Amino acid sequence: MSYYQYFCFIFTLGYMINFIGNKSLLHASWDYRTGMGMAYMSNIPWIFFIQILALASNSEAKVSAVIVFGDSSVDSGNNNYIPTIAKCNFEPYGRDFPGGTPTGRFCNGRLPPDFISEGLGLKPVIPAYLDPALNISEFATGVCFASAATGYDNATADVLKVIPLWKEVEYYKEYQTKLRAYLGDKKANGIISNALYLISIGTNDFLENYYALPDRKSQFTVQQYEDFLIGIAENFVRQIYSLGARKMSLTGLPPMGCLPVQRATNLEDPLKCVEERNKIALEFNGKLKTLVAKLNKNLPGLKMFFADPYYPLLQLITTPSEYGFEVAEEGCCGTGLFEMGILCNRHNPFTCTDANKYVFWDAIHPSQRTNKIISDNLLRELKQLSL
Ligand SMILES: *[C@@H]1O[C@H](CO)[C@@H](O)[C@H](O)[C@H]1NC(C)=O
Ligand SMILES: *[C@@H]1O[C@H](CO)[C@@H](O)[C@H](O)[C@H]1NC(C)=O
């Protein structure tokens with residue numbers, strides 16, 4: 001039974017009591033937007049009964065799998081299997097990952113989807129869909145379609161020849177077909193509709209594409225480009241919704257101007273955050289938030305959450321010592337100013353020894369410890385939504 005059915009049931013019981021006893025024993029309200037029901041009872045046994053129902057509905061609504069779309073913030077290694085230079089399946093990447101393995105995650109260790117999956121009682125690492133050593137039995141409780149260096153915009157994926165977002169959706173459709181063949185329609189559909197979909201993408205559209213190359217800048221003002229991306233985001237959400245996705249977390253942009261590589265190229269104010277980039281991140285996040293509210297209202301059964309990495313990350317960057325960090329301006333790898341991907345390799349003599357002291361692992365990507373802190377925040381927020 002769904003929440004809705006449970007509370008219809010409670011409503012009916014309340015009416016019967018009202019009718020029989022001719023007094024108001026039960027007042028129930030139903031919030032359609034959040035899908036949360038509230039019932040106020042005036043006698044104890046009924047409260048007890050409601051609690052049992054609430055528990056039953058919670059266990060049924062449990063997240064069945066974590067399914068990931070996006071860029072390097074969440075790619076668990078798909079780029080290892082495509083011809084691109086946007087790779088990192090070599091040391092020192094992964095040196096704090098279980099087994100010290102460089103998996104293709106742009107980090108010294110695990111990424112937010114790994115921590116979130118573990119926090120929800122699922123597996124501790126999310127596998128990459130393109131990993132040929134794995135099959136649908138490993139993907140049934142979590143899978144990643146993300147690709148480092150991609151964006152909402154097809155043109156962003158073209159820059160380093162990575163997987164465009166529309167292709168991630170094609171892989172997801174193929175995954176659904178395999179899942180149905182493996183588990184049967186009923187079980188597969190249950191997994192698809194109770195999965196948590198983590199979407200984290202957009203930074204590359206600005207840093208790798210709009211601000212780095214002439215094409216989009218000559219076609220759009222930055223505000224027009226934001227709106228163009230928002231349109232793509234909306235289509236994407238509607239598409240996976242029509243394929244059965246219901247619980248989603250859409251991640252906004254980080255404070256892009258404070259990424260080490262942006263600071264290093266700040267000519268006006270060397271090594272300071274580029275305020276103009278941060279302003280764009282905030283502006284874009286505002287538009288994403290409005291989109292999330294609109295889609296929650298328009299798409300029945302959708303529970304989409306806007307995950308804001310901006311302020312949590314900015315707090316780590318501005319007051320690192322409060323969180324046990326020592327360095328926030330530079331990454332651990334190499335000089336920390338520009339190295340990422342192939343430039344962050346084991347021949348680079350400057351790499352730090354303890355990445356736990358660094359907010360950033362390389363010149364763009366957070367360290368594992370930062371990912372853990374951000375994920376713990378997000379998990380707390382997601383649990384309040386009783387996903
Ligand atoms: C998946 O791989 C495992 C071993 O790696 C194998 O035992 C299993 O039969 C495979 N399952 C499917 C559905 O191909
Ligand atoms: C991106 O490319 C795909 C495949 O060619 C196409 O279907 C889609 O419309 C493109 N998206 C935009 C916004 O142009």
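The values are calculated or read from the model by the stated rules, or taken from the named source; none is laboratory data. Note that the coordinates shown come from a computational prediction; the quantities given were computed from them, not determined experimentally. Reconstructed Cβ throughout: ideal geometry from the backbone, glycine too, with neighbour counts over all protein chains shown.
Laid out as a table, the results:
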quantity: Residue count for region 356-387, restricted to those that are crowded, with 24+ Cβ neighbours inside 10 Å and farther than 25 Å from Glu208 by Cα; calculated: 0
quantity: Tally of residues being over 16 Å from the mean Cα position of the chain (by Cα) and free of Cβ contacts under 8 Å to residues at least 40 places away in the same chain across region 295-323; calculated: 8
quantity: Positions within region 126-145 being in contact with a Phe, Trp or Tyr (Cβ under 8 Å, 6 or more places away or on another chain) and either within 22 Å of Leu165 (Cα to Cα) or within 16 Å of ligand 2 (Cβ to nearest atom) (or both), in sequence order; calculated: Pro127, Ala128, Tyr129, Leu130, Asp131, Pro132, Ile136, Phe139, Ala140, Val143, Cys144, Phe145
quantity: Out of Glu268, Glu275, sole residue that is assigned by TED's automatic domain parsing to the domain that holds Tyr175 and at pLDDT 95 or above; calculated: Glu275
quantity: Residue list for region 118-142, restricted to those being within 14 Å of ligand 1 (Cβ to nearest atom), farther than 22 Å from Ser193 by Cβ and either outside the structural domain of Lys247 (by TED's automatic domain parsing) or surrounded by 15 or more Cβ atoms within 10 Å (Cβ to Cβ) (or both); calculated: Asp131
quantity: Single match in Leu295, Leu302, Leu337 (criterion: hydrophobic (A, V, I, L, M, F, W, C) and at pLDDT below 95); calculated: Leu337
quantity: All positions within region 232-276 that are assigned to a helix (DSSP H, G or I), within 16 Å of ligand 2 (Cβ to nearest atom), in contact with a helix residue (DSSP H, G or I) (Cβ under 8 Å, 6 or more places away or on another chain) and not β-branched (Val, Ile, Thr); calculated: Ala233, Glu234, Phe236, Arg238, Gln239
quantity: All positions within region 175-215 that are within 16 Å of ligand 2 (Cβ to nearest atom) and either out of contact with any helix residue (DSSP H, G or I) (no Cβ under 9 Å at 6 or more places or on another chain) or not hydroxyl-bearing (Ser, Thr, Tyr) (or both); calculated: Ile201, Gly202, Asn204, Asp205, Asn209, Asp215
quantity: Number of the condition not met by Gly231 [criteria: (1) surrounded by 17 or more Cβ atoms within 10 Å (Cβ to Cβ); (2) more than 14 Å from Val292 (Cβ to Cβ)]; calculated: (1)
quantity: Residue list for region 165-210, restricted to those being without any contact (Cβ under 8 Å) to a residue 12 or more places away in the chain and either touching a Phe, Trp or Tyr at 6+ places or on another chain (Cβ under 6 Å) or crowded, with 17+ Cβ neighbours inside 10 Å (or both); calculated: Arg180
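Listed here are the residues, each with its yes/no results for (1) surrounded by fewer than 19 Cβ atoms within 10 Å (Cβ to Cβ); (2) part of a strand (DSSP E or B).
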site	(1), (2)
Val292	no, no
Met304	no, yes
Phe325	no, no
Phe338	yes, no
Ile342	yes, no
Thr351	no, no
